[in-house]
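A.B. asks: First the structure, then my questions, so here it is.
Only the coordinates and a few stated rules stand behind these numbers; no lab work does. The shown structure was predicted, so the numbers you read here are calculated from the model rather than taken from an experiment. Virtual Cβ from ideal backbone geometry, glycine too; neighbours counted across all protein chains shown.
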Amino acid sequence: MDTISKNPLDPVSEQLAYYCARASEYDEWWFRLGRYDKGETKNSEWFNEGAIVSAALEAFQPTGKVLELAGGTGIWSEQLLPHVEHLTVVDGSTEMLLLNAARLHATNVTHTAANIFEWQPTDQFDAIFFGFWLSHVPPEKFDAFWELVRKSLKPGGRFFFEDSTTHIRRLNDGRTFQIYKVFYDVDDLTARLQQKGWYVDIRETPNYFIYGSGSLAQPA
């Protein structure tokens, strides 16, 4: 039987506690291992659609000084690294960042442990990437998050994001955590960001992912 976490935490703190606890098993989810193995057909769908997002990020070409928010274990940091001059990875989980650093083993990466809802940039970046993060931003923090993206970008800077869907999360040991998971409609999210002055291109794959890019400057 699953055991609901009894920690007397607010939802944002419980979300952070979940990812700290999940760090060592996070990659099992992405690579469809163990209890995440859904069979050959479903696994193929997942990997094929993930490849679409990977190709879109490759085409985005995140060059220069790049900021990654909620970098996790480094699955996407690894894809960013060949393009960047310097990569700054911010994550609230020290456990995640240790795995990220071990995966990248690179001298042009700075790892910063910080609550993203409280963190403030001391520099500006050419590009920002955040994977599987936007859906974890509570609705009341949506505006503040996009203001953080705005102030973190150099003039003409760009962002790329991707996300997926689920709700209550369970660990291999049976513990479950309630986390934020906001499900976005492509057209609605596009309209909301356009109202904030962003030029965006947001898309979705048939089953699993939503992804997109944007900037404050109108594309040429």
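A.B. asks: Among the listed pairs LYS42/LYS196; LYS65/LYS181; LYS151/LYS181; LYS154/LYS196, give every one whose C-alpha distance is greater than 27 Å.
C.D. replies: The pairs that break the limit, which is 27 Å between Cα atoms, are LYS42/LYS196; LYS65/LYS181.
A.B. asks: Quick one: which residues, 5+ away or cross-chain, put their amide H under 5 Å from the amide H of LEU153? H built at 1.01 Å from N.
C.D. replies: PHE125
A.B. asks: Something else now. Report, in debye and to the nearest 20, how large the dipole of the chain comes out about its Cα centre when Lys and Arg carry +1 and Asp and Glu carry -1 on their Cβ.
C.D. replies: Once rounded to the nearest 20, the dipole reads 180 debye.
A.B. asks: Please give the per residue volume of the convex hull enclosing the alpha carbon atoms of the range 38-150, rounded to a whole number of Å³.
C.D. replies: 124
A.B. asks: If you plug each phi of the range 139-149 into the Karplus form 6.51 cos²θ - 1.76 cosθ + 1.60 with θ = phi - 60°, what whole-Hz ³J(HN,Hα) values come out, in order, with x for Gly and Pro?
C.D. replies: x, 6, 9, 4, 4, 5, 5, 5, 5, 4, 4
A.B. asks: Okay, moving on. For the chain, what does the helix formula give at 222 nm: sum of -39500 (n - 2.57) over DSSP H segments with n ≥ 4, over the residue count, nearest 500 deg cm²/dmol?
C.D. replies: Result for the chain: -10000 deg cm²/dmol, rounded to the nearest 500.
A.B. asks: Same structure, new question: Of GLN194, TYR208, PRO62, which is farthest along the charge dipole of the chain in the positive direction, counting Lys and Arg as +1 and Asp and Glu as -1 at C-beta?
C.D. replies: Of GLN194, TYR208, PRO62, it is GLN194.
A.B. asks: Please sort 10-17, 128-135, 68-75, 103-110 by packing, taking for each peptide the average over its residues of neighbouring beta carbons within 10 angstrom, highest first.
C.D. replies: The most tightly packed comes first, giving 68-75, 128-135, 10-17, 103-110.
A.B. asks: Let me ask something else about it. List, in order, the whole-Hz ³J(HN,Hα) value for each residue of the range 78-84 obtained from phi through the Karplus relation with A = 6.51, B = -1.76, C = 1.60 and θ = phi - 60°; use x for Gly and Pro.
C.D. replies: 4, 7, 6, 3, x, 8, 8
A.B. asks: In percent, how large is the relative contact order of the chain, given Cα pairs closer than 8 Å and 6 or more residues apart?
C.D. replies: That works out to 22 percent.
A.B. asks: Determine the gain in length on full extension of the stretch LYS141-ASP185; use 0.36 nm per residue of separation and subtract their C-alpha separation, reporting nm with one decimal.
C.D. replies: Extending this stretch completely gives an extra 14.1 nm.
A.B. asks: Now, a different point. Counting only Cα, what are the radius of gyration and maximum Cα-Cα distance Dmax of the range 3-215, in Å?
C.D. replies: 16.6, 48
A.B. asks: Starting with the highest mean, order 49-59, 181-191 by the number of other Cβ atoms within 10 Å, averaged over the residues of each peptide.
C.D. replies: Highest mean packing first, the order is 49-59, 181-191.
A.B. asks: For the pair GLN79 and ARG192, what calculated FRET efficiency results from E = 1/(1 + (r/R0)^6), where r is the Cβ-Cβ distance and R0 = 30 Å, to the nearest 0.05?
C.D. replies: Result of the calculation: an efficiency of 0.65.
A.B. asks: Another question about this same structure. Cα axis of helix 186-195 to longest principal axis of the chain: angle in degrees, 0 to 90, nearest 10?
C.D. replies: Once rounded, one gets 40 degrees.
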